[in-house]
1. Give the number of residues within segment 11-23 that are open to solvent by less than 60 Å² (accessible area, probe 1.4 Å) and part of a loop (DSSP other than H, G, I, E, B).
2. Counting just the residues of segment 47-67 that are at pLDDT 90 or above and under 18 Å from V113 (Cβ atoms), which one comes out nearest to the chain's Cα centre (by Cα)?
3. Can you confirm whether V125 is within 12 Å of A53 (Cβ to Cβ), at pLDDT 90 or above and in contact with a helix residue (DSSP H, G or I) (Cβ under 8 Å, 6 or more places away or on another chain)?
4. I need a count of the residues in segment 71-103 that are among the hydrophobic types (A, V, I, L, M, F, W, C) and open to solvent by 40 Å² or more (accessible area, probe 1.4 Å).
5. Say we look at segment 50-59 and pick out the residues that are touching a strand residue (DSSP E or B) at 6+ places or on another chain (Cβ under 9 Å) and free of Cβ contacts under 8 Å to residues at least 40 places away in the same chain; which of these is farthest from D85 (Cα to Cα)?
6. Report, ordered by the first and then the second residue, all pairs with beta carbons closer than 6 Å, sequence separation of six or more or different chains, a first member in segment 8-29 that is modelled with pLDDT of 85 or more, and a second member that is among the acidic types (D, E).
7. Among all residue pairs at least 6 apart or on different chains, which show Cβ distances below 7 Å where the first residue, located in segment 125-154, is open to solvent by 80 Å² or more (accessible area, probe 1.4 Å) and the second is assigned to a helix (DSSP H, G or I) and not small (G, A, S)?
8. Kindly list, by first and then second residue, each pair from a residue in segment 86-111 that is farther than 11 Å from L124 by Cβ to a residue that is of a type in the set (F, W, Y) and open to solvent by less than 30 Å² (accessible area, probe 1.4 Å), limited to pairs with Cβ atoms under 9 Å and residues at least 6 apart or on different chains.
Amino acid sequence: MIVKHFYHDDVHLAISDRADGNMRSFSVQDDPIVLQNQQNLLNELGLSIDQGARLKVTYKRTDYDWVSVISESNLKEFCPKLPEDNIPISDILVTTLSDVGLILPLADCLGVVLFDPEHRVLALVHGGRQTLEQRGIEKAVSYLKNNYHSDPAMIKAVLSPCARSNYPLQNLDNKTIPE
């Protein structure tokens, strides 16, 4: 597992690998092994499972909130301990809370971490095919600008490792994610 400082002393990024175990199971709903793996990931950051907020995405377009803002009043709604069906669906998690771990289980999609050090706002974006085609990363930056007065030029970004995409992004001139 890689844990490193991310542009600011208070913001840390942890990326798991195969040795850390599966972080999401599609075959077993609420797999206790997955929950333990997520807890281990949060432990690396000095956080408990109750301090985690899990991003739940959908690959079927339905009516849901594009952005979920994590606050003290709703943090428990996104807790990894909850049954997955109870966690709200969104493509972006945003918070200004400190001592919170935002979790995004990924396979071949791109994860994007955005941080505005001036306004101390952190965003985690699921960069799947549909999100990329709908310019979700740009929408995340616009959201930070419009709701937190972030200057896009000052937002720091980190892209997660991801698999090379073999499917064309139709709304992006049929480009794919390069190797």
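The values are calculated or read from the model by the stated rules, or taken from the named source; none is laboratory data. Nothing here was measured: the structure is a model prediction, and the numbers come from that model. Methodologically, a virtual Cβ is constructed for each residue, glycine included, from the backbone with ideal geometry; neighbour enumeration extends over all protein chains shown. Note: accessible area is taken over every heavy atom of the protein model, side chains too, but ligands, DNA and RNA are not part of it. Shrake-Rupley method; radii C 1.70, N 1.55, O 1.52, S 1.80 Å.
1. 4
2. R54
3. no
4. 3
5. Residue satisfying both the conditions and the ranking: T58.
6. none
7. Listed by first residue and then by second, the contacts come to K145/P152.
8. Going by the 9 Å Cβ cut-off, the qualifying pairs are I87/F78; P88/F78.
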